[in-house]
1. Give the residue that is modelled with the lowest pLDDT, with candidates limited to residues of the stretch 24-40 that are surrounded by fewer than 18 Cβ atoms within 10 Å (Cβ to Cβ) and closer than 13 Å to V64 by Cα.
2. Can you name the condition, by its number, that R48 falls short on among (1) touching a strand residue (DSSP E or B) at 6+ places or on another chain (Cβ under 6 Å); (2) touching a residue at least 60 places away in the same chain (Cβ under 8 Å)?
3. Go through the stretch 24-66 and count every residue that is of a type outside the set (K, R) and not in a strand (DSSP E or B).
4. Answer with yes or no whether A3 is modelled with pLDDT of 90 or more, over 23 Å from E101 (Cβ atoms) and of a type in the set (A, V, I, L, M, F, W, C).
5. Which ones in the stretch 3-23 are assigned to a helix (DSSP H, G or I) and either hydrophobic (A, V, I, L, M, F, W, C) or surrounded by 14 or more Cβ atoms within 10 Å (Cβ to Cβ) (or both)?
6. How many residues, within the stretch 57-83, are without any contact (Cβ under 8 Å) to a residue 24 or more places away in the chain and among the polar types (S, T, N, Q)?
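The values are calculated or read from the model by the stated rules, or taken from the named source; none is laboratory data. Here the structure is a predicted model, which means the values were calculated and not measured. Glycine also receives a Cβ, built like all others from the backbone with ideal geometry; neighbour counts cover every protein chain displayed.
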Amino acid sequence: MSAPLVVEIPHRLGREEAVRRLKGGLSRASSQYGNVLQVHEEIWSGDRMSFRVEALKQIASGTVDVREDNVRVEVTLPWLLARLATGIQAAIRKSGTLMLEKK
């Protein structure tokens, strides 16, 4: 395993609204990218979600911490996925931003 990949996504929603918008978001992303991403676990405990996903037959796990003005995603990637970290980081930032945009 490599060092964790960390992405921070700013928002202006407040903690409660950000959590509401993010709940189930990983499952929605999985349905959108089902041929590449499978969700094995998505567990919320207050403002923190722990997850485990599979991409390219590799397991990655991490946490999402929702704060008042940002969301911090930390993912531990196996070696193969770590080689794709820049692209994964951009995808996390894009998906997270879309979920947190004002609707």
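1. G24
2. (2)
3. Within the stretch 24-66, the first condition is being of a type outside the set (K, R), and the residues that meet it are 24-27, 29-47, 49-51, 53-56, 58-66.
Then drop every residue that is not not in a strand (DSSP E or B), which leaves 24-27, 29-36, 46-47, 56.
Result for the stretch 24-66: 15.
4. On the way: modelled with pLDDT of 90 or more: no; over 23 Å from E101 (Cβ atoms): yes; of a type in the set (A, V, I, L, M, F, W, C): yes.
When the stated conditions are applied, A3 does not pass them.
5. Step one: list which residues in the stretch 3-23 are assigned to a helix (DSSP H, G or I), which gives 15-22.
Across the stretch 3-23, the qualifying residues are R15, E17, A18, V19, R21, L22.
6. Just the residues of the stretch 57-83 that are without any contact (Cβ under 8 Å) to a residue 24 or more places away in the chain, to begin with: 57-61, 63, 65, 83.
Imposing the further condition that a residue be among the polar types (S, T, N, Q) reduces the set to 58, 61, 63.
Of the residues in that region, 3 qualify.
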